[in-house]
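Before any comments, here is the structure.
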Amino acid sequence: MDYLSIFRFSNFWNWFLNEHSAKTYTAYTTYYFDQAYFEDNFEEKNNSINQLLYFATFEQQPPDFEYLYYQIHIWITAHQSTETSLKTEEESYQTAFVFNLFLSELEHSTQTITPKPMA
């Protein structure tokens with residue numbers, strides 16, 4: 001698991017812990033979170049979220065697992081959108097930065113040539 005995945009899961013777990021009385025998680029919980037986060041196939045994403053719920057433990061029995069399922073689905077979708085938006089902004093910034101560097105180099109390398117008068 002890379003640092004970004006750990007950061008993602010930590011954010012998710014803090015939200016889940018505070019909002020839904022989650023108690024503990026296992027390596028399976030983190031595995032299925034990653035599977036759900038990156039899965040494009042709707043059926044597979046659903047399966048991963050169900051497994052994630054199966055491997056999490058709670059302070060008290062949640063009133064409605066279907067509600068939790070939809071809340072997790074919404075959380076993942078919202079964070080994927082934010083991440084995509086941030087990546088797009090970062091890529092735009094990087095492109096502009098590189099282009100500005102190129103122009104700066106071009107300005108420095110351009111020499112003015114003054115024609116000599118004809119004799």
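Laboratory data are not the source of any read-out in this text; all were calculated from the coordinates shown. Treat the numbers as computed from the prediction; the structure is a model and nothing was measured. Glycine gets a Cβ as well: all are built from the backbone with ideal geometry, and neighbour counts include every protein chain shown.
Side notes on the structure shown:
- Phi-derived couplings, Karplus 6.51 cos²θ - 1.76 cosθ + 1.60 at θ = phi - 60°, listed residue by residue for segment 28-40: 5, 4, 5, 4, 6, 4, 4, 4, 5, 5, 9, 6, 8 Hz, with x used for Gly and Pro.
- One chain, two ends: Asp2 and Glu19. Fully extended at 0.36 nm per residue, the span grows by 3.6 nm beyond their Cα-Cα distance.
- Within segment 1-80, GluC sites (Glu not before Pro) in DSSP loop having at most 12 other beta-carbon neighbours inside 10 Å: Glu59
- With the simple spin-label model, which puts each label point 7 Å out from Cα in the Cβ direction, the Asn50 to Asp64 separation comes to 1.9 nm.
- Global geometry of segment 1-49, whether rounded, prolate or oblate, following the gyration tensor of its Cα atoms and the 1.5 cut on a/c: oblate
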